[in-house]
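Participant: Below is a structure I'd like to ask you about.
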Amino acid sequence: MNETNNIIRKKETPSKYKYTQNRELSWLKFNQRVLREAADETVPLLEKVKFISIFTSNLDEFYMIRCGSLYDISLVDKKLRDNKTGLTAKEQLNLIYEKTAPLYKEKDEIYSKILAKLREYRIIRHSFDELDSLKRKYITQYFYENVSPLLSPQIIDLRHPFPHMINKKLYIYSILENENTRCMGLIPIPKQLPAYVMFPGTHEYILMEELIYAFAEKIFSNYTVKYSTITAVTRNADVNLQNSPIDEDEDYRHYMKNILKKRNRLAPIRLEFYKYYNHKYNKNLRRKLDLHKNQVFVTNTPINMDYTYDLIDSLPQQIKEELTFPEFKSQKSPNLNTKKSVFKQLDKKDVLLFYPYESMNTFLGFLKEAANDDDVTSIKITLYRVARSSHVIKYLLEAIENEKDVTVLIELRARFDEKNNIYNAELLEEAGCQIIYGFENYKVHSKICVVTRKSKNKITHYTQIGTGNYNEKTAKLYTDYAYLTSNQTIGEDAIRFFKNMALSNLNGTYDKLLVAPTSLRNNIIKYIDEEIKKSENNMENGIIMKMNSLTDRKIINKLVEASQKGVKITMIIRGICCIIPGLPGKTDNIEVRSIVGRYLEHSRIYIFGKGSDRKIYISSADIMTRNTAKRVEVACPIEDFDIRKRILEDIEAMLKDDIKGRRINKKGDYEYIKEQKQFSSQDFFQKRAIKEIKEYNTYEENKSIFRRIIDYIQQLF
């Protein structure tokens, strides 16, 4: 395999591949960054467990979606090559499997050290064999009373065909013998069962899969159990909607419900075994699933780590405070007084919110006021991912009750949020909301809301444009900007955007907004060209970009051209980065940094130029082909002087980060930033938010005292 790939690379080494790396392999490097947060001594112990869980769920989704997509391509077009490295889909998959194996080993080593340290706090994950007699007696009784009645074991032989193994479901897999015959046995672990059982009066627990595994011989009582293990299969979950055409008479929500049913039945892409592995016995299962041995991975870390958060929540408050990050509550924005009308304040100035340092409640207050203001005539909003118990939905329903015209563009194809979005679409539509579903071949990923208000025969549009979803849960975990403005040109663009979406018009024109797939990429390239011209004319120039991922080949090529012409380019890219910086004569004017910390870096910021003619945009779009060419995205210019200044200060703080920041080197790998500033941008933003609201409260308090003094003096005279 390695020799084959080397040959391919030697054949495919034109200059267009010399400064780029494969998207999927870059993603694996990023997820390794996430994993290594679990080994960072500055991270509290229980937070380390969370990073193991995040790494695991990230890898699960990567295999379901990215590997699933590559698997489909490998069947349909064997000659199609990646435009970053010249590799076919099959070659990419084989490299992914090869690069994944060491990650499992690294994860197990880190997790083992974490478990050992947790034992010092009596937080112990037991296997059945190490239980003392009292715990064994308790858990045995628990098994027969609460677990055994819910199990549905099955054998696989000539009369019992191999069943469908559900995507990511845990199974006990056994090799059974009876009267000189051998067969396989499977015990699906029901979702109705808890993920773990805590022993009374302790912080000690046993995983449900370990418990059922311990009783496999009792469950298959009429067989001799030669071997047992715990396993799960990962399936391709990348449902291709274009290959599942919708009938013109079919309801779109019903169509999506049927599509979702297909997800659990698609082709296997990976097979995992937990702790207990025997190649001789496991190859039968692998062959049944038609998987190659390089698609099989063994782990000493639980296959499913989702239980982590419930486990941590169940611990005493004192332990949680000691072993997790210090509590931080999102602060009120010092730029908006929640006791006054948001609209009247926006008439005077624009406002930028910075989640999670500032609370999303400020935006929710804006939406609530809109729902109940007699002068508001309409609310229009795009929804991609919302919280399960969403106040956004609540206030939209409230607005409908108050006879506002409410339009919601809801994307039913938001990956793994489809069911939630279908539910909310039905709820809103039944209440009288106008629902738009977007386009057949383009997901609507924009984050835009516009409220129209008519007062004293004057119509005013108030617009919110963000880099992240309208989701109260993620607003506490993801760093995002939310921009609120009464700028009428932007407001009119927003109204035009919703009209175009309702008419399925992707070719609309806008005065201020850049809208993918028609004008975003072209304008970014145009702005890069402007910086190239400045450099050629020895004028001050520069480009700063912050995003989650960079894969768009056209923009990558333009950035390389700019670098070769002397333009200084600084990028903060959290995840996938297909450009390799620092290569002489190619990308030596490009620097790429990445920040992985307590919060998920999610804001997208694009800055072109320096000085007074500098252009600053915030956007919902990453520089990925899927965003620039295959989605409906919005980028909004920031023209307010104070907000521009604040964004530049934020970028400067991020570029100073040498604790959670890393630099990408000439090999495309992450390396530590050795600047010895010991500066964490996320810690800085937390402290700044607390300091600014304290100063604001003090100012308001002093202002109130001053007013009372003035009133008293006036009464005297």
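Coordinate-derived values only; no laboratory data. Keep in mind the model is a prediction, meaning the values are calculated, not measured. As a convention, Cβ positions derive from the backbone with ideal geometry for all residues, glycine included, and neighbour counts pool all protein chains shown.
Participant: Once fully extended, how much extra length lies between Thr140 and Asn537, figured as 0.36 nm per residue of separation less the alpha-carbon to alpha-carbon distance?
Facilitator: Details: separation 397, 0.36 × 397 = 142.92 nm, distance 7.96 nm.
Full-extension gain reported as 135.0 nm.
Participant: Please get the size of the charge dipole for the stretch 342-512, origin at its Cα centre, with Cβ charges of +1 on Lys and Arg and -1 on Asp and Glu, quoted in debye to the nearest 20.
Facilitator: 380
Participant: Right, here's the next one. So what is the relative contact order for the chain, in percent, with contacts set as C-alpha pairs under 8 Å and at least six apart?
Facilitator: Relative contact order comes out at 11 percent.
Participant: To continue, here is another question. Under 20 Å from the 7 Å Cα→Cβ point of Ser504, by amide nitrogen: which residues of the stretch 417-439?
Facilitator: 434-439
Participant: Modelling each spin label as a point 7 Å along the Cα-to-Cβ direction, I'd like the Arg182/Lys645 distance in nm, to one decimal.
Facilitator: Label-label distance for Arg182 and Lys645, simple model: 7.7 nm.
Participant: Roughly how far apart, in whole Å, are the Cα centres of the stretch 349-401 and the stretch 420-482?
Facilitator: One Cα centre to the other: 8 Å.
Participant: Can you give the direction-averaged projected area of the convex hull of the alpha-carbon atoms in the stretch 530-625, in nm²?
Facilitator: Averaged projected hull area, Cα only: 6.2 nm².
Participant: Can you compute the modelled spin-label distance between Glu426 and Lys340, with each label point 7 Å from Cα toward Cβ, in nm?
Facilitator: Once both label points are built, they end up 4.5 nm from each other.
Participant: Compute the FRET efficiency between Glu440 and Ile713 as 1/(1 + (r/R0)^6), taking r as their Cβ-Cβ distance and R0 = 56 Å, and round to the nearest 0.05.
Facilitator: For Glu440 and Ile713, the calculated efficiency is 0.20.
Participant: What percent antiparallel are the DSSP beta bridges of the chain, to the nearest 5?
Facilitator: Restricted to the chain, the bridges split so that about 70 percent are antiparallel.
Participant: Holding the Cα-Cα limit at 23 Å, pick out from Lys533/Lys568; Lys18/Lys554; Lys615/Lys677; Lys50/Lys674; Lys99/Lys667; Lys48/Lys660 the pairs that are longer than that.
Facilitator: Lys615/Lys677; Lys50/Lys674
Participant: Considering only the other residues whose Cβ falls under 15 Å of the Cβ of Asp310, what net charge follows from Lys and Arg at +1 and Asp and Glu at -1?
Facilitator: +2
Participant: Given the -39500 (n - 2.57) contribution per DSSP H run of 4+ residues, what per-residue ellipticity at 222 nm results for the chain, rounded to the nearest 500 deg cm²/dmol? Don't skip to the end; give the middle numbers.
Facilitator: Details: 22 runs with 283 residues, N = 717.
Per the formula, -12500 deg cm²/dmol.
Participant: Can you tally the lysine pairs in the stretch 439-504 where the Cα-Cα distance is under 18 Å and the two residues are eight or more apart, or on different chains? Before the final figure, lay out each step's value.
Facilitator: Numbers: Lys443/Lys499; Lys447/Lys473; Lys447/Lys476; Lys447/Lys499.
Final tally of qualifying lysine pairs is 4.
Participant: Can you tell me the FRET efficiency between Met198 and Lys473 if r is taken as the Cβ-Cβ distance and R0 is 30 Å, rounded to the nearest 0.05?
Facilitator: Efficiency, from the Cβ-Cβ distance: 0.75.
Participant: Just to confirm the filter: which GluC sites (Glu not before Pro) across the stretch 283-381 are DSSP coil and have at most 16 other Cβ within 10 angstrom of their Cβ? Please list the in-between numbers first.
Facilitator: Values: sites: Glu321, Glu322, Glu327, Glu358, Glu369; in loops: Glu327.
Within the stretch 283-381, the qualifying GluC sites (Glu not before Pro) (loop, at most 16 other Cβ atoms within 10 Å) are Glu327.
Participant: Could you give me D for the stretch 541-586, from Stokes-Einstein at 37 °C and 0.692 mPa s, where the hydrodynamic radius is the Kirkwood radius over C-alpha pairs? Units µm² s⁻¹, please.
Facilitator: Using the Kirkwood radius from Cα pairs, D works out to 300 µm²/s.
Participant: Right, here's the next one. Any idea how far apart Arg159 and Lys18 come out in nm if each label point goes 7 Å out from Cα toward Cβ?
Facilitator: For the pair Arg159/Lys18, the computed spacing is 6.9 nm.
Participant: Looking at the square roots a ≥ b ≥ c of the eigenvalues of the Cα gyration tensor of the stretch 515-679, which shape do they give, rounded for a/c under 1.5, prolate if a/b is larger than b/c, or oblate?
Facilitator: Since a/c stays below 1.5, the shape of the stretch 515-679 is classed as rounded.
Participant: Roughly how many debye, to the nearest 20, is the charge dipole of the stretch 596-636 about its Cα centre, given +1 on each Lys and Arg Cβ, -1 on each Asp and Glu Cβ, and no other charges?
Facilitator: 40
Participant: I'm spelling it out carefully: the read-out is P(r) over Cα pairs in 10 Å bins from 0, in percent, the candidates are (1) 3, 12, 18, 18, 17, 15, 10, 5, 2, 0, 0; (2) 3, 13, 21, 21, 16, 11, 8, 5, 2, 0, 0; (3) 2, 12, 21, 24, 20, 12, 5, 2, 0, 0, 0, 0, and one was derived from this structure. Which label?
Facilitator: Matching entry in (1) 3, 12, 18, 18, 17, 15, 10, 5, 2, 0, 0; (2) 3, 13, 21, 21, 16, 11, 8, 5, 2, 0, 0; (3) 2, 12, 21, 24, 20, 12, 5, 2, 0, 0, 0, 0: (3).
Participant: Compute the Cα gyration tensor for the stretch 184-230, then decide on rounded, prolate or oblate, letting a ≥ b ≥ c be the square roots of its eigenvalues: rounded whenever a/c is under 1.5, prolate when a/b is larger than b/c in the other cases, and oblate in all that remain.
Facilitator: Prolate is the answer for the stretch 184-230, as a/c is 1.5 or above and a/b outweighs b/c.
Participant: Have a look at the stretch 2-323 and give its Rg and Dmax from the Cα atoms, expressed in angstrom.
Facilitator: Taking only Cα atoms of the stretch 2-323, I get Rg and Dmax of 22.1, 68 Å.
Participant: So if R0 is 51 Å, what FRET efficiency would His292 and Ser148 give, r being the distance between their Cβ atoms, rounded to the nearest 0.05?
Facilitator: 0.90
Participant: Using +1 at the C-beta of Lys and Arg and -1 at the C-beta of Asp and Glu, which of Ile525, Gly611, Ile638 has the Cα lying farthest in the positive direction of the dipole of the chain?
Facilitator: So the residue we want is Ile525.
Participant: What residues of the stretch 589-603 lie in the reach of a label at Asp683, counting those whose backbone N is under 13 Å from a point 7 Å from the Cα along Cα→Cβ?
Facilitator: Residues passing the 13 Å test: 598.
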